[in-house]
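Novice: Once you've had a glance at the structure underneath, I'll fire off some questions.
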């Protein structure tokens, strides 16, 4: 179920919102997520909800392998992660969102990017993940 | 050497058309230019100041110096600097510039400079002009943190971004498709709880995934259209455009470089003109009040030139050790900066050349729109072919290159 999205494909689709299932197993192994938001010098904030419960609030910058639960505990749950990226004057105009999961059946990666045309503009990225054994 | 000159001039013209783009009405002015601090210019001995204050880097910068003669002649000194780690795959978010975890990579710069002038005191004598190429590196050992003002501005920006996420969630919940999306998500959860799925259930399972993806993307696309109209978007834009990195506290930078001289302006005939390394440190006051800086510098000159009745003669190796200080007064918040620097040069292991000193007063005025006017006046170190202190008197216009971008109304 999980898929790896190539940079080229992401550039072509250029969507700020996405949904994917992520295949897990019945083990106690941790599931971790990582977010690399924006280009160098841009400002970003990430927040995440697991089944409507906030698990990450007001996180600035990259998110480095946050454990969100075990394979078993996440079955049938939705993760909703939002990242706001703001372009700063003098910095690259391209904003991006690099999201990864590990710990399940196989690693997952999703990448999207959007180029802003105005100084100080923001892009809001959202990814929803459904944890499944099927 | 023409090749190098053509390269630099070509690079300038490549950048120049961006300045000539259509002017867009704006309500916010963006002045991002920092005074260039290029070790390549320092090692070539043509920097306006020998003691440079720390500056946050951009990935690429181009400097042009000695635009004198009433700006009627083509400048004869150029330098560019690259921050290779800021161009790499590793990305650094804005908040990661406010700690010392990544100081080395964020501050490391490589610079290359080119000049075609005569030796000190005889810069404009055509027969003595030679081409010199300078290569330098610079990085911070200790970098000061952001000022309270910079942190406050960042906090405002971050709060606006949190608000953006809240607005996005609120939009989603009010979207006409939201109830249907919820239903489909719940149905998917019900199927998930089954130990195994038959063919029909699996088909439904996969269809639900496609439907949910499509609806999430649709809501996202529609939100992208209304995003610029939101209050949080405007607040984030305002906070981003007024954000400017200012640092205060103790800093220590390491620089090193080497300059090659091409005495007969032929590429295959070069020699090392000068090599050296130096530490610059002090207290940076965040563009407010007085900043005090110092320098300790070792320079090695493999060949020196001496004036003789028959012309220039080559002398022996010469090592020098410089130490000095600089005080900067920010008269009006980086708009007008006055500074004075003094350096004493000791000659190591040679009695042929006397110790020397340099004292230069410097004024820098920010003209806005990425343009700065600088003026330097004072006494430079003695050259080996001219004594009594060379006069430093130069006016430079520094212009920032780069693409203009529209500012949203």
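Novice: Could you tell me the largest-minus-smallest coordinate of the C-alpha atoms of the range A:7-132 on each of the three principal axes, in descending order and whole angstroms?
Specialist: 48, 30, 21
Novice: Once you average over the residues of A:32-41, how many Cβ atoms of partner chains fall within 10 Å of each Cβ?
Specialist: Whole-number average of other-chain Cβ neighbours for A:32-41 is 4.
Novice: At 222 nm, what helix-only mean residue ellipticity would chain A give, in deg cm²/dmol to the nearest 500, using -39500 (n - 2.57) for each DSSP H run of four or more?
Specialist: Calculated mean residue ellipticity at 222 nm is -1500 deg cm²/dmol.
Novice: Hey, another quick one. Sort A:101, B:51 so that the residue with the fewest other Cβ atoms within 10 Å of its own Cβ comes first and the one with the most comes last.
Specialist: Result, fewest neighbours first: A:101, B:51.
Novice: Averaged over its residues, how many other protein chain Cβ atoms are within 10 Å of peptide B:205-212's Cβ atoms?
Specialist: 3
Novice: Under 19 Å from a point 7 Å along the Cα-to-Cβ line of residue A:25: which residues of the range A:102-117 have their amide N that close?
Specialist: A:102-109, by backbone N distance to the label point.
Novice: Still on this structure: For B:50, B:224, which order do you get if you count the other beta carbons within 10 Å of each Cβ and list the fewest first? Intermediate values should be presented prior to the final figure.
Specialist: Working: B:50 22, B:224 16.
Ranked by crowding around the Cβ, least crowded first: B:224, B:50.
Novice: How well do other chains shield peptide B:239-245, expressed as the mean number of their Cβ atoms within 10 Å of each residue Cβ?
Specialist: What the average comes to for B:239-245 is 5.
Novice: Please state the relative contact order of the range A:7-132 as a whole percent: Cα pairs under 8 Å, 6+ residues apart?
Specialist: 37
Novice: Right, something else. Residues of the range A:19-54 with backbone nitrogen within less than 17 Å of a virtual label 7 Å along the Cα-to-Cβ line of residue B:197, please, listed as ranges.
Specialist: A:19-26
Novice: Direction-averaged shadow area of the convex hull around the Cα atoms of the range B:151-241, nm²?
Specialist: Reported value for the Cα convex hull: 7.7 nm².
All of the numbers you see were taken from the coordinates with simple rules; none came from a lab. Keep in mind the model is a prediction, meaning the values are calculated, not measured. When we count neighbours, we look across all protein chains shown, and the Cβ atoms used for this are built from the backbone with ideal geometry, even at glycine.
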